Amino acid sequence: MKQSKKKIAIIYTGGTIGMERSENGYTPSPNSLQQTLEGISDLRHPDMPEWSLLEFSPLLDSSNMAVHEWNKIGQAVANLYELYDGFVILHGTDTMAYSASALSFMLDGLAKPVIFTGSQIPLCELRSDGRDNIINSLIIAGSGRAREVCVYFNGVLLRGNRSTKQSSDHLLAFESPNYPHLAEAGIDLQYRDEALRQPGDAALNFLPFSEVPIGVIKVFPGIQFELFESIMTDKLKGVVLETFGAGNIPSYGGNLLPIIQKAYNSGTIVTVCSQCMQGTVSLGAYATSKALHDIGAVNGKDMTTEAALTKLYYLFSLGLPKEEIKEKMAQNLRGELTE
Ligand code: ASP
């Protein structure tokens, strides 16, 4: 018996993929993507899933996206969840890894593919990478193999909350340095089954995020910590500290720790991540990181900054007590860290 075609919702949020030239450079162009997609005959190839397009208004450059837009995307997936077999989210590349990480947390119980993609060159240009990215994302969403939030770009399928934008001009714009590719598109689409998440039986539970005052501080040689004292108050609920190597901070001056200690004592959750693309934080491996451990900072292990930040939003939005948030920050919730 012939199987009925899978139905995929394409949700177009903005980004380079659908942009057109203007006097001010590339800009999102409302109500034109449907026609552009209809012009790509392969998208209606008999082997393609059925798809329909939902276009957001306004269309945004992803640099302008934050909590409100993550919630809007999550809400759209939740609303359409029973009607479609999978979702392709067309999104700007600049903050795609943040949005994909955010969605992975806010869509608890997700058991269908949600594939973020976009392009480095708009579809209106001859050499656009958007065409292949959309075709492969639709095929992947239709196959139902990767039932989690992913990023597909230039031949690789990545776990969304492990992904990071690695290049502003190469077509291979994303990588997941601490997690294997979920699939690779060579001559065949090769899935790595052992790397894919196995969803449970729970129903989808969409949790929109609240606006939570949190921040990211990148440590650098010569950092004058006292400049940050004014933001490290009890108003700051959480901070991701991007440290050197395996979680190290400079010990000179000795003025960072008292500031972090003060913030910690007043309830701020300090999560330690690394500036390195690859590898893990290991608090206490060096004297320069042991102090962070001693004042109760959370070991962010091999989480990306994008994952750590959006996980903070998620846990605060759940309204959990501080101690539980601290515990959960170091636990693997959606495949975002290696325990
Ligand atoms: N600035 C664009 C955006 O993130 C870049 C892109 O889409 O590639 O929306």
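Structure summary
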quantity: Residue match in the range 278-285 (condition: surrounded by fewer than 18 Cβ atoms within 10 Å (Cβ to Cβ) and either of a type in the set (A, V, I, L, M) or touching a helix residue (DSSP H, G or I) at 6+ places or on another chain (Cβ under 7 Å) (or both)); calculated: yes
quantity: Residue match in the range 139-158 (condition: more than 22 Å from residue 50 (Cα to Cα) and touching a residue at least 40 places away in the same chain (Cβ under 8 Å)); calculated: no
quantity: Positions within the range 229-258 being part of a helix (DSSP H, G or I) and either at pLDDT 90 or above or within 27 Å of residue 279 (Cα to Cα) (or both), in sequence order; calculated: 252, 254, 256, 257
quantity: Flag if residue 53 is crowded, with 20+ Cβ neighbours inside 10 Å and closer than 21 Å to residue 148 by Cα; calculated: no
quantity: Segments classed as helices (runs of 4 or more DSSP H), wholly inside the range 265-329, with at least 2 members that are over 18 Å from residue 101 (Cβ atoms) and either free of Cβ contacts under 8 Å to residues at least 24 places away in the same chain or not small (Gly, Ala, Ser) (or both); calculated: 287-294, 322-329
quantity: Test: residue in the range 128-136 that is β-branched (Val, Ile, Thr), buried (at least 24 other Cβ atoms within 10 Å of the Cβ) and within 19 Å of the chain's Cα centre (by Cα); calculated: yes
quantity: The range 1-16, subset assigned to a loop (DSSP other than H, G, I, E, B) and either near the ligand (Cβ under 10 Å from one of its atoms) or touching a Gly at 6+ places or on another chain (Cβ under 9 Å) (or both), residue nearest to residue 152 (Cα to Cα); calculated: 15
quantity: The range 17-76, residues that are within 14 Å of the ligand (Cβ to nearest atom) and under 14 Å from residue 135 (Cβ atoms); calculated: 17
quantity: Neighbours by Cβ (under 9 Å, 6+ apart or cross-chain): first from the range 218-232, under 16 Å from residue 249 (Cα atoms); second surrounded by 15 or more Cβ atoms within 10 Å (Cβ to Cβ) and among the acidic types (Asp, Glu); calculated: 218/242; 219/242
quantity: Cβ-Cβ under 8 Å pairs, at least 6 apart or on other chains, the range 72-91 side in contact (Cβ under 8 Å) with a residue 40 or more places away in the chain, far side assigned to a helix (DSSP H, G or I) and surrounded by fewer than 17 Cβ atoms within 10 Å (Cβ to Cβ); calculated: 87/80
quantity: Residue check for residue 219: of a type in the set (A, V, I, L, M, F, W, C), touching a Phe, Trp or Tyr at 6+ places or on another chain (Cβ under 8 Å) and over 18 Å from residue 67 (Cβ atoms); calculated: yes
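The values are calculated or read from the model by the stated rules, or taken from the named source; none is laboratory data. Since this is a predicted model, take the numbers as computed values, not measurements. Note that each Cβ is placed from the backbone with ideal geometry, even for glycine, and that neighbours are counted across all protein chains shown.
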